[in-house]
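What follows is one structure encoded as structure tokens, with my remarks underneath.
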Amino acid sequence: MTVQTIYDHFAETIASMNPAKVLEIRAPQAASERLESLIEKKNEHGLSAVEKDELDHFLVLERLIRLAKAHARLQLAGL
């Protein structure tokens with residue numbers, strides 16, 4: 001089993017719970033602002049190990065939610 005397969009499995013499971021609700025998921029404003037701040041800092045000065053870890057977690061969550069939304073769209077389309 002690959003990491004991609006695991007992501008797809010969890011994304012599909014999340015999407016199947018309530019596809020319409022999954023499509024409504026949005027990051028809180030504070031989280032969006034923190035993500036932007038980390039990306040800006042990474043590009044300008046670099047990140048500490050703790051900040052890099054935090055950014056990596058944001059990116060993993062973003063990937064999982066995007067996949068869940070893709071699966072939700074497919075389910076709502078009957079595919």
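Throughout, read-outs are computed from the coordinates displayed, never taken from laboratory work. Just so you know, these numbers come straight off a predicted model, no measurement behind them. We place every Cβ from the backbone using ideal geometry, glycine too, and count neighbours over all the protein chains shown.
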Restricting segment 11-44 to residues that are in a helix (DSSP H, G or I) and acidic (Asp, Glu), the residue that is surrounded by the most Cβ atoms within 10 Å (Cβ to Cβ)
Glu12
Exactly one condition in (1) assigned to a helix (DSSP H, G or I); (2) surrounded by 13 or more Cβ atoms within 10 Å (Cβ to Cβ) is not met by Leu47; state its number.
(1)
